Amino acid sequence: MMTLNRRLLLGIAPVLVIFLAVGIYAIFLFSKLGGAIDVILRENYRSVVASQNMKEAAERMDSGLLFMLGGEEARGIQMFRQNVPIFERNSDIESHTITLPGEGDLESKIQQLHAKYLEVATQFMALLPSDPARRALYFDQLLPAFTEVKETANRILEINQQNMVDENNAARQQSHDASRYMIMTLFVGFIVAAGVTYALARSIVQPVQDLTESAQQLGDGNLDQHVTVQSQDEVGKLAEAFNKMAAKLRAYRQSTTEQILQAQQTTESALRAFPDPILVFSLEKEIKLQNVAAERFLKQVGGDIAAIGTLSSSIEQSLKGAADFQPTSFDKAILVNLEGAEKFFLPRVLAMRNETGSPVGVVVVLQDVTRFRVADDVKTDLIATVSHELKTPLTSMQMAVYLLLEEKVGPLNPKQTELLLAARNNSDRLFEMIEDLLDLARFEGGAALLDKKRTGAQQLVDEVVDREKELVVSRGLELKVETEPHLPNIEISRPRINQVFANFISNAVKYSPAGSVITLLAKREDAKNVRFSVKDEGPGIPKELRRRIFDKFFRIAESGDEGAGLGLGIAREIVLAHGGNIGVESEEGKGSEFFFTIPALV
């Protein structure tokens, strides 16, 4: 049995042999051409340069003798002697680069002529400038010798140049012949490769295409696929494996259909029994699943879920990867008019994610909190009413205590003074608690109007430092300020934001050990918000309590705090009313950092 590997190898082998032969021939050709070029550059070119330099040196030597005849004795001798070693050096180079027939004889002749020329030149320079024999010696012997040296050097130059031209032509011809042979070889290789490809396509590609088409049909859900086994090689084995897989999938589909239907019916029954509306959205924000309560809800609101409060934006944010929207307070409840009655629904938007954590859809649960919202409103109104009603008699009591302490109605003994001071302190604390309850009721009822004004973030920090520094220093602590340069402007109700800072700093003072540092920080959180925070070096907040630290009436039992637990709750309402966020970062034993953000003005 011939395997697929062997069939491919036998089919490709002729092509590989052809291209291997072409490659070996190309290497041989390039090596040969490189050798020819090397000869031209290394030998002939050096000979040409040496011959040219000898000609130029001989001409300058002759010019030096002419200067001497013209009366420029010193200049002529200098020129002659400078060019003698140049001539001899290039003559030596030429003697070591002889590659052509007759080139050695010409070089020997030049050396003989040069030796004779130097001998006569020595005689010439020994004669006095005014001696007539000097002129006769130049024209009778030196000039003919110079001419013959120059002509001989020129002859060496010519034969080397001619050889370079001949070698270049030969290399061009060789390259032309090689290109023709390689084109012919490649053409033959192309014909062979085309034949091999056609043969492989008939024997391999066609079964693979059939298998691919069946696999695509299988992927589309058509499990009734069967591939004809045409060979016993790897492709044939793959076809057999595919047929077995398709058969098992058909059997699996048959066995699991009932289970899927049962699971679907169970899911639909559970959703149908759930009293609150539940909707499942796809990535395209299309409703893919809903229970009966959701159907009734959509019918009553006109079928447009996007028009209900901020629900559409919450769904969109969850689909983009944001955290699940799970509000814990009734202020996020959506008011809907159903059948002539006002209903409050608290939405919960939960993202459905795949194995990589990417959203694939969202589930929206609308919890009917009408009764709880009404109860919360009643509680808020009750607190506001009771607090308001208590404020008037309490004010009268405070006035009476203050008048007694000022002894307007008569002197007091020490015991009476002590009792009245305790009554004054408790009434002041009770008055502050009532004020906090009224503030909280105003914010929860939406009646707290904020007189916002434009101010600089840096200016706000400076005012807080001036106002709170005395309190910090009086408790043996240090107040440190860290602000980012060029902070933007913000729009705030200054008394309310000062109330937030006062709460943060008083808490930090209360829990910081003596000698520690309280840090007031301000920086850009991002392009749209400024982040303010107060950081202390206190004991920190236990992890399980951090999520409740801003709840109304919440106090840490171990702190020994005598307050009503309203300060941080009011601070939260103030920051939310400004469109910001509030939070705390803490680590037990390493202190806490309470922070809030305010939108920056553009």
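The values are calculated or read from the model by the stated rules, or taken from the named source; none is laboratory data. Computed from a predicted model, the values in this text were never measured in an experiment. The accessibility values were calculated without ligands, DNA or RNA, using every heavy atom of the protein model including side chains. Shrake-Rupley method; radii C 1.70, N 1.55, O 1.52, S 1.80 Å.
Protein heavy-atom accessible surface, 1.4 Å probe, per residue over segment 116-207: 62 Å². Expressed as a fraction of 2.2 N^0.38 Å, the C-alpha radius of gyration for segment 483-534 is 1.31.
Over segment 112-166, one equal point on each Cα, no solvent: what is log10 I(q)/I(0) by the Debye formula at q = 0.15, 0.16, 0.20, 0.24 Å⁻¹? Log-scaled intensity ratios, in q order: -0.52, -0.56, -0.71, -0.87.
Measuring between alpha carbons in the structure, the pairs from Lys109/Lys150; Lys480/Lys523; Lys452/Lys480; Lys480/Lys510; Lys452/Lys535; Lys469/Lys535 lying more than 20 angstrom apart are Lys452/Lys480; Lys452/Lys535. The share of Cα pairs per 5 Å bin across segment 35-148, counted from zero up to the longest distance, runs 2, 11, 21, 21, 15, 10, 8, 5, 3, 2, 1, 0 percent.
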